[in-house]
Amino acid sequence: MDVLHISGLRAAIEDKEILKGVNLEVKSGEFHAVMGPNGTGKSTLAQVIMGHPKYEVLAGKITMNDEDVLEMEVDERAKAGLFLAMQYPSEIPGVTNSDFLRMAVRTKMQQEDKRLNLGAFMKELKGKIGDLKMQDDMAARYLNEGFSGGEKKRNEILQLLMLKPKIAVLDEVDSGLDVDALKIVGDAVNSMRSDSFGCLIITHYQRILDYITPDFVHVMMDGRIVKSGDVSLMKKVDSEGYDWIKKEKL
Amino acid sequence: MNQTNLALPLAEKTNIKDWDFENLLLKDIPKKFKTEFSNFFPEDAENKLLLEDGFIMVEEIEAEGITISQTVEPVEESNRLIALNNEKRNSALSVVVEKNTKATLYIVHFSDERSLVHQSHIRLETGAELELIETFMLVGSAESTESYNANIVTKVDVGSNASLNSSVIKLAHHGLVYQTRLTEVHENGRFNGTNFILDYSDMVFEDFAHLVGKGSEANVATMAIADKSQKRNITVRVENFAPHSNGNIVNYGVVKDTAHLAFNGVGKIHKGMNGGDNQQETRLLNLSKVAQAIANPFLLIDEGDITAGHAASIGQIDEEQVYYLMSRGLSKQESEKLIVFGFLAPFANKVTNESLKEELLESIEEKLG
Ligand SMILES: Nc1ncnc2c1ncn2[C@@H]1O[C@H](COP(=O)(O)OP(=O)(O)OP(=O)(O)O)[C@@H](O)[C@H]1O
Ligand SMILES: [Mg+2]
């Protein structure tokens, strides 16, 4: 079993403290949802887990199976089995989606002492592009360049499906999707559910619940997880907002 | 002519005052067959020439209408280094493509025992079409990575309604190079020059095209990668000397380590040459904080009824992009390399010859380390 463990995590960007002591544990087999008002540090948490160079960790620990994640380079974190579907994925002109994915999948397979079979890779890629109802030319297009908001989100999920990480953080993959796309993405993420996969889903909307039922729901405010519960917490936030939690804390 | 009365090439933005162009190793050597050359050419190449240290070692021309010789008329001495070439020349090649002939020709210049002081004259008669792929592999002595300095002058004449696609590929060389080409394009003629400068030398590289015939066209695209302490100065100049002529310059450069790379792009439309067009674009990527990447575009226009423009950009590798790729498990080095390849893709995609493209991508990969 894989365990991503976060304790007492404080982090800053541009000398501004955003995370003020986050404690969280995600194990394989578990789906966690994180909600919270805009600007409370959800993406910051995701980026600090993955190792974005702009963030400075002030205190606390992140471990993956007891190994110190904060000591790892970004690619080492990926190799340790972490994945982040980004809220705002980068565009890489001139690099085709399929070339990039092939390199990423090959790197992963090398690590497992396996060799990439190009035919099998292309077949799997084509199949998953089909499953996600992405345009056929998505493999040949340059990575995220000129993709619409929804296409970018689907492309993040495509990478998730192809790379099969142990623990994934999905930062608002459900934002900006039309109803049909939401179903496709929701089903795709749900299809990953297994004893060997854990997931932290950052979201603003309970409509994702139509496809994915998280085992745990957390509310983040002002850089901390202030409340945890089950699906009923998500439903309550959806109907009542966050004010009641703020009041509770006062 | 006394060379010292003449000036060095302009090479703006690079101080070449102390560059030792005259330091040439010019010994006499016998013609002898040394290397297995066949692997320099694609398997399906029908017309091929290989010169080693100035001697023609391979000459296989299947097409009718191509005449090869080793005598050339000295070119006009517009600077000291061209005069030096006329005086010390140890290699020459003349290629004449007769009227309406269509062919593809591969030329490899190989030198390993002495400096190459070479002159090429390429002439396309009316209506001729030539695809010319010219590779310079100046390796120097096998024992060291030092190769000898080189001086290469090329004169090109594209006749009316003729069309030349010329790719110049520079590989391996470590010495100091002066390389210049002057192309004249006649009425409705077309010149597409593509330069891949991927060797290890310091150099002054000039590619000048004169559009002398009405409706003529020149497109000169140059890609250069400079790494380590390499210094290279590249000037591409296209001048409209005729009405309704079109010039287009595209430069792509990648600079690493402590290298210096200056691209001068000059477009000039002379008076009375109405209906002309002259465009240029330079894109540079600087991978280091201390390397120098310089884009120096000029447009000189003496005529009102024309279109012209230039664009230049110098960028760094975007950290967000590196982070994104690394988050998918690629190492920092792999990620940066992929981004550089992506940057060069619009240029590399212009190469339609697949075997050439593959070879180039390999050389680029090697160069990027
Ligand atoms: N470069 C920066 N300089 C200063 N502040 C920044 C910078 N980047 C982010 N922040 C701030 O950090 C805070 C947390 O941002 P973060 O993206 O983590 O929020 P979020 O919870 O993901 O919000 P949303 O729901 O809108 O996605 C915000 O107040 C944001 O303005
Ligand atoms: Mg966010």
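The values are calculated or read from the model by the stated rules, or taken from the named source; none is laboratory data. In this text, all values refer to a predicted model and were calculated from it rather than measured experimentally. Cβ atoms come from the backbone with ideal geometry, glycine included; neighbour counts cover every protein chain shown.
General observations
- Residue match in region B:70-81 (condition: polar (S, T, N, Q), modelled with pLDDT of 90 or more and closer than 28 Å to residue B:100 by Cα): yes
- For region A:1-114, the strands (runs of 3 or more DSSP E) that sit wholly inside it and include 3 or more residues that are among the charged types (D, E, K, R) and away from chain B (no Cβ under 14 Å) are A:16-27.
This table checks each residue for (1) over 26 Å from the mean Cα position of the chain (by Cα); (2) surrounded by 14 or more Cβ atoms within 10 Å (Cβ to Cβ); (3) away from every other protein chain (no Cβ under 14 Å).
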residue: B:291; (1), (2), (3): no, yes, yes
residue: B:295; (1), (2), (3): no, yes, yes
residue: B:321; (1), (2), (3): yes, yes, no
residue: B:327; (1), (2), (3): yes, yes, no
residue: B:357; (1), (2), (3): no, yes, yes
residue: B:360; (1), (2), (3): no, yes, yes
residue: B:366; (1), (2), (3): no, no, yes
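- Conditions (1) surrounded by fewer than 18 Cβ atoms within 10 Å (Cβ to Cβ); (2) more than 16 Å from ligand 1 (Cβ to nearest atom); (3) farther than 26 Å from residue A:20 by Cα: number failed by residue A:176: (2)
- Any chance residue B:117 is without any contact (Cβ under 8 Å) to a residue 60 or more places away in the chain, in a strand (DSSP E or B) and not small (Gly, Ala, Ser): no
- Residue match in region A:67-85 (condition: among the charged types (D, E, K, R) and at positive phi): no
- Boolean, residue A:26 is surrounded by 15 or more Cβ atoms within 10 Å (Cβ to Cβ) and away from ligand 1 (no atom under 13 Å from the Cβ): yes
- Of A:153, A:123, all but one fail to be within 16 Å of ligand 2 (Cβ to nearest atom) and either of a type in the set (A, V, I, L, M, F, W, C) or assigned to a helix (DSSP H, G or I) (or both); the exception is A:153.
- Selected residue (criterion: farthest from the chain's Cα centre (by Cα)) from residues of region B:336-355 that are more than 8 Å from chain A (Cβ to nearest Cβ) and in a helix (DSSP H, G or I): B:336
- Subset tally (residues that are touching a helix residue (DSSP H, G or I) at 6+ places or on another chain (Cβ under 7 Å) and either surrounded by fewer than 24 Cβ atoms within 10 Å (Cβ to Cβ) or not in a strand (DSSP E or B) (or both)) for region B:181-206: 1
- Of all the numbered requirements in (1) surrounded by fewer than 16 Cβ atoms within 10 Å (Cβ to Cβ); (2) more than 14 Å from chain A (Cβ to nearest Cβ); (3) more than 24 Å from residue B:133 (Cβ to Cβ), residue B:313 misses one, and that requirement is (2).
- Filter pass, residue A:64 being within 16 Å of ligand 2 (Cβ to nearest atom), closer than 25 Å to residue B:332 by Cα, in contact with a Leu (Cβ under 7 Å, 6 or more places away or on another chain) and modelled with pLDDT of 95 or more: no
- Test result for residue A:58, more than 17 Å from residue A:169 (Cβ to Cβ), out of contact with any Phe, Trp or Tyr (no Cβ under 7 Å at 6 or more places or on another chain) and within 15 Å of ligand 1 (Cβ to nearest atom): yes
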